[in-house]
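For reference, the structure is listed below as structure tokens.
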Amino acid sequence: MNRILLFVCMIGITTMVSAAEVTIEHAQFKQRDGAWKVDVTLRHADSGWDHYANEWRIVDAKGTVLARRVLAHPHVDEQPFTRSIHFAKIPAQTRIVFIEARDSVHGWSQDRIKVDLDQRSGDRYQVQGKDGGKDHQ
């Protein structure tokens, strides 16, 4: 009985910690003139300067950071919120990237979006090239 109670408590604690992490709701990629404009919508229970979503980034499959957006202040009364990176340089041969986000207490969230730049859309993302898709070389 004690083991069951301990297990239930551990699940509850894990759920509470995960709920406090930043969530990536959506990402939109638009290619223009050899660079990408990337809009990312985040949700986080920002409570002020001590705990807020403070950065998101684009990484390749090897974990190399391709671009990052530092969030300079809390968004307590603005949830969810969208912020952009203009002129992100993603190498032409790169097809898969990930959007990752962090907050000032928990660090990088386990929630991330895998983006296939050859697909017009996928789970929580959209891609638009010069002609609306697959032409990001």
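The values are calculated or read from the model by the stated rules, or taken from the named source; none is laboratory data. Computed from a predicted model, the values in this text were never measured in an experiment. Every residue, glycine as well, gets a Cβ built from its backbone with ideal geometry; the counts of neighbours run over all protein chains shown.
Among Tyr125, Tyr52, which is the only one that is in contact (Cβ under 8 Å) with a residue 40 or more places away in the chain and closer than 17 Å to Glu21 by Cα?
Tyr52 is the lone residue from the list that is in contact (Cβ under 8 Å) with a residue 40 or more places away in the chain and closer than 17 Å to Glu21 by Cα.
Counting only residues that are at pLDDT 90 or above and not in a strand (DSSP E or B), which one in segment 73-103 is surrounded by the most Cβ atoms within 10 Å (Cβ to Cβ)?
Filtering first and then ranking leaves Ile90.
What's the total number of residues in segment 20-60 that are out of contact with any helix residue (DSSP H, G or I) (no Cβ under 9 Å at 6 or more places or on another chain), among the hydrophobic types (A, V, I, L, M, F, W, C) and over 12 Å from Gln126 (Cβ atoms)?
Of the residues in segment 20-60, 11 are out of contact with any helix residue (DSSP H, G or I) (no Cβ under 9 Å at 6 or more places or on another chain), among the hydrophobic types (A, V, I, L, M, F, W, C) and over 12 Å from Gln126 (Cβ atoms).
Could you please give the count of residues in segment 53-69 that are more than 17 Å from Leu117 (Cβ to Cβ) and of a type in the set (A, V, I, L, M)?
1
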